[in-house]
Amino acid sequence: MSKLILGILASGNGSNCRAIHKAITDGLCKAQIGVIISNHAEAGVLQFARENGIPAFHIASEQFSEISEFHAAIKNCLSQHQVHLVVLAGYMKKIGKPILDIYPNRIINIHPALLPAFGGKGMYGHHVHQAVLEYGAKITGVTVHFVDPEYDHGKIILQKAVEVMEDDNVESLSARVLKAEHETYYKAINLFANEYAENTF
Ligand code: GRF
């Protein structure tokens with residue numbers, strides 16, 4: 001039976017991408033990775049893709065004179081690999097409207113806090129955990145949500161809470177949240193994979 005095909009967009013090391021791949025190989029996630037795209041040529045996630053025989057491409061807006069050409073390149077790459085669901089995994093670029101338009105409710109992101117708290121422009125990476133600690137929040141967590149034109153704004157799909165410890169610093173908190181991300185993202189993807197299997201996707 002054919003599986004839900006993922007197109008993963010990532011900018012960095014791609015630990016979430018690796019966790020999704022592991023969940024798939026462990027039989028916990030009923031999808032397959034069709035393609036990985038990064039805006040950084042040297043991104044660890046591209047290296048990982050090549051080592052694992054996954055089609056991998058460096059596509060960045062700087063390579064094109066017009067933004068429309070960049071959007072067309074991303075769209076072509078996703079459609080050539082027959083992607084059903086676009087998965088942002090540490091992708092540090094905003095998704096343009098032309099891409100949102102062809103994947104309505106089919107682009108998801110993971111954020112390292114419980115949205116709508118600690119989200120929005122500038123809230124990424126250690127900035128999120130720093131803000132959580134400065135605010136004195138006792139609970140933070142992970143949110144998987146649909147992507148819409150606003151940062152960290154689309155409807156929530158899945159959340160997992162993570163306790164903030166008295167002696168946490170940015171490093172310890174981000175490591176605990178990242179672990180929760182790895183345990184959560186593939187479960188959100190499974191919701192789509194189940195719909196796909198039931199022909200309701
Ligand atoms: C994660 O914390 C994710 O929530 C955020 O970017 C980070 C990416 O980490 N969107 P990695 O590249 O998957 O390790």
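Before moving on, here are some points about what is shown:
- Looking across the stretch 91-131, the residues that are among the hydrophobic types (A, V, I, L, M, F, W, C) and more than 28 Å from Ile5 (Cα to Cα) come down to Ala117, Phe118, Met123, Val128, Ala131.
- Considering residues of the stretch 1-21 that are away from the ligand (no atom under 15 Å from the Cβ) and open to solvent by 10 Å² or more (accessible area, probe 1.4 Å) only, the residue modelled with the lowest pLDDT: Met1
- Any hit, the stretch 22-32, residues being surrounded by 15 or more Cβ atoms within 10 Å (Cβ to Cβ), under 19 Å from Leu85 (Cβ atoms) and within 12 Å of the ligand (Cβ to nearest atom): no
- Unique match (being out of contact with any Lys or Arg (no Cβ under 9 Å at 6 or more places or on another chain) and within 26 Å of Lys94 (Cβ to Cβ)) among Glu166, Glu195, Glu134, Glu181: Glu134
- Scanning the stretch 105-139 for residues that are open to solvent by less than 40 Å² (accessible area, probe 1.4 Å), over 30 Å from Glu195 (Cα atoms) and hydrophobic (A, V, I, L, M, F, W, C) returns Val128, Ala131, Val132, Ala137.
- Looking only at the stretch 39-58, residues that are closer than 26 Å to Phe201 by Cβ and near the ligand (Cβ under 10 Å from one of its atoms) come to 1 in all.
- Residue satisfying condition, being away from the ligand (no atom under 16 Å from the Cβ), surrounded by fewer than 16 Cβ atoms within 10 Å (Cβ to Cβ) and not in a strand (DSSP E or B), within set Glu171, Glu195, Glu183: Glu195
- Residue in the stretch 73-93 that is within 29 Å of Ala41 (Cβ to Cβ), modelled with pLDDT of 95 or more and hydroxyl-bearing (Ser, Thr, Tyr) present: yes
The values are calculated or read from the model by the stated rules, or taken from the named source; none is laboratory data. Quick caveat, the model's predicted, so the values are computed rather than measured. Ideal geometry is used to build each Cβ from the backbone, glycine not excepted, and the neighbour counts take in all protein chains shown. All accessible areas refer to the heavy atoms of the entire protein, side chains included, with ligands and DNA or RNA removed. Shrake-Rupley method; radii C 1.70, N 1.55, O 1.52, S 1.80 Å.
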